[in-house]
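The values are calculated or read from the model by the stated rules, or taken from the named source; none is laboratory data. Computed from a predicted model, the values in this text were never measured in an experiment. Glycine gets a Cβ as well: all are built from the backbone with ideal geometry, and neighbour counts include every protein chain shown.
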Amino acid sequence: MAQFSIQVPDMTCRHCVRSVSQAVSDVTGVREVVVDLATKAVHVRGAVEPDVVCAAITAVGYAAHVIDSQTTPPQT
Ligand SMILES: [Cu+2]
């Protein structure tokens, strides 16, 4: 399970938040998506690579880059 944050500087309104969270939710392996418009950050948890989530956000028209990444050991 990975947990990471992605910066999406071009998110400016709730419409953007909706598009981005929808795109991220559709990525295989994503368990949880929290979009913070104030900091223009997308917080993601799931069995997925940050780069894959970035690509999904880019695909819907927003520049994105990983700002924080941390992999936790699998739970037993
Ligand atoms: Cu917008």
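It is to be established whether one or more residues within region 41-59 are surrounded by 13 or more Cβ atoms within 10 Å (Cβ to Cβ), in a loop (DSSP other than H, G, I, E, B), modelled with pLDDT under 95 and of a type in the set (A, V, I, L, M, F, W, C).
no
Inspect all residues belonging to region 12-20 and state whether any of them is in a loop (DSSP other than H, G, I, E, B) and among the aliphatic types (A, V, I, L, M).
Looking through region 12-20, none of the residues is in a loop (DSSP other than H, G, I, E, B) and among the aliphatic types (A, V, I, L, M).
Which of (1) within 8 Å of the chain's Cα centre (by Cα); (2) outside any strand (DSSP E or B); (3) of a type in the set (A, V, I, L, M, F, W, C) does A23 not meet, given it meets every other one?
(1)
Being within 14 Å of the ligand (Cβ to nearest atom) and of a type in the set (S, T, N, Q) is the filter here; which residues of region 1-54 pass it?
Of everything in region 1-54, those that are within 14 Å of the ligand (Cβ to nearest atom) and of a type in the set (S, T, N, Q) turn out to be T12, S19, S21, Q22.
Looking at V35, V8, can you tell me which residue is in contact (Cβ under 8 Å) with a residue 40 or more places away in the chain and among the β-branched types (V, I, T)?
Exactly one of V35, V8 is in contact (Cβ under 8 Å) with a residue 40 or more places away in the chain and among the β-branched types (V, I, T), namely V8.
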